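Right, one structure below, let's go through it.
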There are 2 protein chains.
Amino acid sequence: MELGVYTFAEVAGGDAGRRLRELVEEMVLADEVGLDVFGVGEHHRRDFAVSAPVVTLAAGAARTRRIRLTSAVTVLSSDDPVRVFQAFATLDGISDGRAEIMAGRGSFIESFPLFGYDLEDYDELFAEKLELLLALRASERVSWSGRHRAPLDGLGVYPRPVQDPLPIWIAVGGTPGSVVRAARLGLALAVAIIGGAPERFVPLVDLYRDEARAAGHDRAALPVSINSHAYVADTSQRAADEFFRPYAAMMTRIGRERGWPPMTRAQYDQLRGPRGALVVGSPRRWRRRSSSSTSSSATTASSRR
Amino acid sequence: MELGVYTFAEVAGGDAGRRLRELVEEMVLADEVGLDVFGVGEHHRRDFAVSAPVVTLAAGAARTRRIRLTSAVTVLSSDDPVRVFQAFATLDGISDGRAEIMAGRGSFIESFPLFGYDLEDYDELFAEKLELLLALRASERVSWSGRHRAPLDGLGVYPRPVQDPLPIWIAVGGTPGSVVRAARLGLALAVAIIGGAPERFVPLVDLYRDEARAAGHDRAALPVSINSHAYVADTSQRAADEFFRPYAAMMTRIGRERGWPPMTRAQYDQLRGPRGALVVGSPRRWRRRSSSSTSSSATTASSRR
């Protein structure tokens with residue numbers, strides 16, 4: 001099993017520049033303590049510092065040696081697969097083969113109007129752009145045409161990545177169609193478990209494995225990761241108490257945009273229980289892979305096997 | 001006067017990943033020896049390692065303290081000003097205020113078919129996208145519409161840069177219209193002197209200053225840079241002899257695509273003369289600002305005042 005952290009780089013106090021520099025230090029620390037992967041989300045909002053994950057990851061690449069670096073996620077639907085591939089191939093070169101792309105349809109929707117896309121094309125945009133991204137990964141020169149991006153007529157796309165193939169994960173929130181797509185294409189699966197008990201996602205992973213097998217893909221080559229909010233302190237009780245206020249504030253603020261009621265302590269305690277989707281615990285529980293653990297910021301924990 | 005180097009990161013031997021990692025080390029060295037600026041070009045060709053300058057610069061930002069970091073150039077005509085602004089604002093945050101954008105119409109044209117643009121719109125594309133880029137720099141929320149990019153209806157663009165305003169230079173090859181545009185908009189001017197004597201560019205700089213004054217801009221706030229191919233060795237004669245073969249090979253290869261005849265030693269010696277556009281010299285000449293200079297790779301030297 002691999003263990004890592006993802007972050008959306010929430011901006012406390014409004015200083016995005018400082019938050020970006022802290023983020024680089026967090027990547028350095030994650031590398032030092034032996035985590036396997038560091039992921040950075042893409043958002044187009046004032047309250048998150050990162051709209052260009054790959055730029056931030058490149059800064060981390062220059063100061064780390066071993067840790068893998070991924071977007072979490074790249075909102076592929078509203079981006080250009082050629083630019084995405086070029087930027088991550090560049091990151092792969094700088095990091096000597098430690099780059100990964102996690103592609104998703106997007107949970108937040110600010111990027112659609114910002115880049116001129118229609119939410120009515122939400123799934124078609126993702127399917128078409130993923131097709132092009134995979135073609136660019138497979139061949140230096142690609143001929144392709146689609147509805148939502150200018151055609152390519154055998155043009156070369158550079159630089160080529162160090163890893164062949166450059167790892168591409170599909171991030172899903174719980175939509176069975178997304179899981180089936182990842183399985184049929186033989187792509188790794190990243191499951192976001194933001195609310196609800198992890199058990200509820202077992203059928204989704206079973207579906208993924210069944211579909212992948214049916215499509216003739218080797219299960220061993222298809223890792224699955226789960227991703228949950230996490231907070232670490234000296235004891236589990238202290239972690240739970242410290243984390244409630246900022247976590248509830250964030251979930252309430254974002255929930256307001258989505259029509260959710262404010263988060264209560266009772267809900268929070270249910271989420272963080274032994275079978276809850278919220279990982280709140282003491283560093284001892286995290287020592288399976290790392291020799292030490294000093295991280296105590298709100299992040300998303302990622303386990304991949 | 002400020003002194004710096006720009007590079008297109010030519011790939012010798014085809015290993016783009018290694019070249020990208022070397023490029024980061026070159027930025028570290030340039031910072032250590034006291035150069036003022038490091039620039040990285042954007043190309044979409046197998047023979048240059050960088051198609052995503054800002055990703056590469058971010059890696060350099062994480063390992064440098066003082067040097068300014070710029071694209072040289074960002075081919076704005078075939079890019080999305082929103083993505084460009086976001087990526088350079090991110091670089092500005094990571095570097096704590098050392099990012100610059102050098103925007104140009106592009107000397108190489110591979111990016112136009114690759115991103116679905118028509119060379120017939122060469123100048124209109126640049127004018128329109130520059131207008132949007134400047135609007136994004138001026139305001140957090142922008143309403144804008146144009147012919148070549150989806151409209152914005154008061155949407156916020158994040159993160160905001162550390163520097164306000166984020167420096168934007170206009171790169172010109174010698175077109176008077178481009179110089180007048182930079183002057184009227186009050187933007188800094190970067191003149192590429194790839195062939196021909198520098199004297200020939202004096203009228204262009206005079207035109208820039210006259211137009212800037214007429215438009216009411218403060219001349220002191222409008223720096224001019226000149227950019228020429230450069231090579232440094234222990235003596236000027238040795239530099240000239242060592243550099244002839246690789247320089248002529250590159251100019252002949254690229255010239256072939258543009259219908260130029262192969263470069264001869266006679267042409268080369270004319271270019272590199274005391275008034276030539278090719279800077280070939282010994283480190284002593286370069287010690288005006290730097291305490292030491294060990295760089296000896298083919299780059300573009302940039303002087304700004």
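The values are calculated or read from the model by the stated rules, or taken from the named source; none is laboratory data. From a predicted model like this one, the values you see are computed outputs, not experimental measurements. Here the Cβ positions follow ideal geometry from the backbone for every residue, glycine too, while neighbour counts run over all protein chains shown.
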> Which residue pairs have Cβ atoms under 6 Å apart, sit 6 or more places apart or on different chains, and have a first residue in the stretch A:234-260 that is closer than 18 Å to A:F108 by Cα and a second that is surrounded by fewer than 13 Cβ atoms within 10 Å (Cβ to Cβ)?
Replying inline: A:T252/A:P262
> Quick one: how many residues across the stretch B:161-188 are within 11 Å of chain A (Cβ to nearest Cβ) and either among the β-branched types (V, I, T) or within 19 Å of B:L76 (Cα to Cα) (or both)?
Replying inline: 2
> Among (1) surrounded by fewer than 19 Cβ atoms within 10 Å (Cβ to Cβ); (2) modelled with pLDDT of 80 or more; (3) small (G, A, S), which single condition is A:G273 missing?
Replying inline: (2)
> Just checking, which of B:L152, B:L189 is closer than 16 Å to B:S302 by Cβ and in contact with a strand residue (DSSP E or B) (Cβ under 6 Å, 6 or more places away or on another chain)?
Replying inline: B:L189
> Does any residue in the stretch B:48-77 that is of a type in the set (K, R) come within less than 9 Å, Cβ to Cβ, of a residue that is at pLDDT 95 or above and part of a helix (DSSP H, G or I) six or more places away or on a different chain, and which pairs are these?
Replying inline: B:R63/A:A59; B:R63/B:V24; B:R63/B:E25; B:R63/B:M27; B:R63/B:V28; B:R63/B:D31; B:R65/B:D31; B:R66/B:D31
> Restricting attention to the stretch A:4-17, which residues are outside any loop (DSSP other than H, G, I, E, B), more than 10 Å from chain B (Cβ to nearest Cβ) and surrounded by 20 or more Cβ atoms within 10 Å (Cβ to Cβ)?
Replying inline: A:G4, A:V5, A:Y6, A:T7
>> Of everything in the stretch B:69-88, what is under 22 Å from A:S95 (Cα atoms) and either more than 7 Å from every other protein chain (Cβ to nearest Cβ) or assigned to a loop (DSSP other than H, G, I, E, B) (or both)? Give them in sequence order.
In response: B:L69, B:T70, B:S71, B:F88
> In this structure, does A:L76 turn out to be within 15 Å of the chain's Cα centre (by Cα) and not hydroxyl-bearing (S, T, Y)?
Replying inline: yes
>> Condition first: within 18 Å of the chain's Cα centre (by Cα) and of a type in the set (G, A, S). Can you find one or more residues in the stretch A:79-87 that meet it?
In response: yes
>> What's the total number of residues in the stretch A:18-27 that are in contact (Cβ under 8 Å) with a residue 24 or more places away in the chain and either facing chain B (nearest Cβ under 9 Å) or surrounded by 22 or more Cβ atoms within 10 Å (Cβ to Cβ) (or both)?
In response: 5
> Does any residue of the stretch A:132-150 turn out to be within 14 Å of chain B (Cβ to nearest Cβ) and over 28 Å from B:F112 (Cβ atoms)?
Replying inline: no
> Within the stretch B:89-125, how many residues are under 19 Å from B:P165 (Cβ atoms) and of a type outside the set (K, R)?
Replying inline: 15
> What's the number of the condition A:E128 fails, among (1) without any contact (Cβ under 8 Å) to a residue 40 or more places away in the chain; (2) closer than 27 Å to B:P159 by Cα?
Replying inline: (2)
>> When the residues of the stretch A:209-264 are narrowed to those that are of a type in the set (G, A, S) and assigned to a loop (DSSP other than H, G, I, E, B), which ends up modelled with the lowest pLDDT?
In response: A:A233
> Can you name every residue in the stretch A:209-226 that is loosely packed, with under 14 Cβ neighbours inside 10 Å and hydrophobic (A, V, I, L, M, F, W, C)?
Replying inline: A:A214, A:A215, A:A220, A:A221
>> Looking only at the stretch A:227-268, count every residue that is surrounded by 14 or more Cβ atoms within 10 Å (Cβ to Cβ) and under 30 Å from A:A183 (Cα atoms) and tell me the total.
In response: 4
>> When the residues of the stretch A:31-68 are narrowed to those that are within 16 Å of the chain's Cα centre (by Cα), over 27 Å from B:D80 (Cβ atoms) and of a type outside the set (V, I, T), which ends up nearest to the other protein chains (Cβ to nearest Cβ)?
In response: A:R68
> If we scan the stretch A:203-221, do we find a residue that is closer than 19 Å to A:R105 by Cα, in contact with a helix residue (DSSP H, G or I) (Cβ under 6 Å, 6 or more places away or on another chain) and within 14 Å of chain B (Cβ to nearest Cβ)?
Replying inline: no
